[in-house]
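What follows is a short report on a single structure.
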Amino acid sequence: MLKVEGINVYYGNIQALKGVSLEINQGEIVTLIGANGAGKSTLLKTISGLLKPKQGQIIYEGQSIAGKAAQSIVKMGISHVPEGRRVFANMTVEENLDLGAYLRKDKEGIKEDFGRVFELFPRLMERRKQLAGTLSGGEQQMLAMGRALMARPRLLVLDEPSMGLAPLLVKTIFRIIEEINATGTTILLVEQNAHMALSIANRAYVIETGRVVLSGTPDELNASEQIKMAYLGGH
Ligand code: ATP
């Protein structure tokens, strides 16, 4: 579905990604694991068109998308939930969700997707008239995910969805990610919580200082002493 081939991405003179390649197959949950500053968010932003690679290719469903406008990429079916949520604080839950569908014209489909989002996140239904800025952190994460789903993505890109959430809520968010995947949406997930990420992923890539240093199934990564020590708390 998505193939990233040898991309180099820079912030000015600083090279944040160094020849990164990865592949995501239709229907998978793929996770990126790596320390702070390894380049995970940069990779997600490059896939969704917020950054442009200097070299390399990104092929999505057979088409080259590297350097395309973010809006065109959303239209092609890739939605990105950024780190830190970024909901529109002064708009209601409903208005935020509506914005997620702003590139669509199929009124019926949009209505259907409102229903689907409210089914996945009953809390958002209860709070649909509430200003997003007054929601709890967990509710804002749900809203950010709901808003991305309103674009009806085939590939959903999630940057640290569990950040700052209480453990019970983290579990809920992960269960919902699995539910979204089960209905046919492919997922690319960046997570600090490597244990949780590996528990739901089909495959994982480990990124260190801008390079992919390892990839494999969760079982393969869990069996690696090096990964255990670096990312899984040594056990
Ligand atoms: P985190 O989990 O902390 O977000 P990350 O793996 O997502 O980490 P990135 O945010 O992709 O890491 O950052 C990769 C590298 O690029 C880091 O060295 C970071 O300092 C640098 N970087 C990120 N954003 C910018 C920017 N806007 N300008 C300059 N350098 C940046």
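The values are calculated or read from the model by the stated rules, or taken from the named source; none is laboratory data. Quick caveat, the model's predicted, so the values are computed rather than measured. Glycine gets a Cβ as well: all are built from the backbone with ideal geometry, and neighbour counts include every protein chain shown. Heads up: the accessible areas ignore ligands, DNA and RNA and are worked out on the full protein's heavy atoms, side chains in. Shrake-Rupley method; radii C 1.70, N 1.55, O 1.52, S 1.80 Å.
Would you mind telling me the antiparallel percentage of the DSSP bridges in the chain, rounded to 5?
Roughly 55 percent of the DSSP beta bridges within the chain come out antiparallel.
Just to be sure I understand the model, the point goes 7 Å from the Cα along the line to the Cβ. What's the resulting Ala89 to Thr209 distance in nm?
3.8 nm
How far is helix 167-182 tilted, in degrees, relative to the longest principal axis of the Cα atoms in the chain, given as a value from 0 to 90 rounded to the nearest 10?
The angle comes out at about 90 degrees.
Evaluate Rg over Rh across the chain, taking Cα atoms for both radii and Kirkwood's formula for Rh.
We get a ratio of 0.96 for the chain.
Rolling a 1.4 angstrom probe over the protein heavy atoms, how many square angstrom per residue are accessible across the chain?
Computed with neighbouring chains in place, this is 47 Å² per residue.
Give the accessible area for Ser64 in Å² (nearest 10); use a 1.4 Å probe, count only protein heavy atoms, and leave out ligands, DNA and RNA.
About 60 Å², ignoring ligands and nucleic acids.
Can you list the trypsin sites (Lys or Arg not before Pro) in segment 29-63 that are in a DSSP coil and have 13 or fewer other beta carbons within 10 angstrom?
Sites meeting the loop and neighbour criteria: Lys54.
Across segment 35-40, in residue order, what do the Karplus-derived ³J(HN,Hα) couplings come to in whole Hz, using 6.51 cos²θ - 1.76 cosθ + 1.60 with θ = phi - 60° and x for Gly and Pro?
3J(HN,Hα) across segment 35-40, in whole Hz: 5, 4, x, 6, x, 5.
Could you tell me the distance between the Cα centroids of segment 9-64 and segment 107-124, to the nearest Å?
30 Å
Give me the percent relative contact order of the chain, please, defined on Cα pairs under 8 angstrom at least 6 residues apart.
27 percent
Residues with amide H under 5 Å of Ala66's amide H, sequence separation 5 or more or different chain, H placed in the peptide plane at 1.01 Å from N; which?
Residues meeting the criterion, in which the H sits 1.01 Å from N, are Ile58.
Quick one: ranking Tyr60, Tyr11 by accessible area, 1.4 Å probe, largest first, what do you get?
Tyr11, Tyr60
Calculate one ³J(HN,Hα) per residue across segment 206-213 by plugging θ = phi - 60° into the Karplus curve 6.51 cos²θ - 1.76 cosθ + 1.60, and present them in order as whole Hz with x for glycine and proline.
In residue order, the calculated couplings are 9, 10, 10, 5, x, 10, 7, 9 Hz.
Beyond 21 Å between alpha-carbons counts as too far, so tell me which of Lys18/Lys75; Lys3/Lys75; Lys52/Lys107; Lys18/Lys54 fall in that bin.
Lys18/Lys75; Lys52/Lys107
In deg cm²/dmol and to the nearest 500, what is the mean residue ellipticity at 222 nm of the chain if only DSSP H runs of at least 4 residues count, each as -39500 (n - 2.57), divided by the residue total?
-11000 deg cm²/dmol
Give, rounded to the nearest 20 debye, the magnitude of the charge dipole that the chain has about its Cα centre when Lys and Arg contribute +1 at Cβ and Asp and Glu contribute -1 at Cβ.
The calculation lands at about 640 debye.
Once Rh for segment 86-152 is found with the Kirkwood sum over Cα pairs, what is the Stokes-Einstein diffusion coefficient at 37 °C and 0.692 mPa s, in µm²/s?
Once the numbers are plugged in, D ends up at 288 µm²/s.
May I ask you to give the average projected area over all directions of the convex hull of the Cα atoms of segment 16-137, in nm² rounded to one decimal?
Over all viewing directions, segment 16-137 projects a mean Cα-hull area of 9.2 nm².
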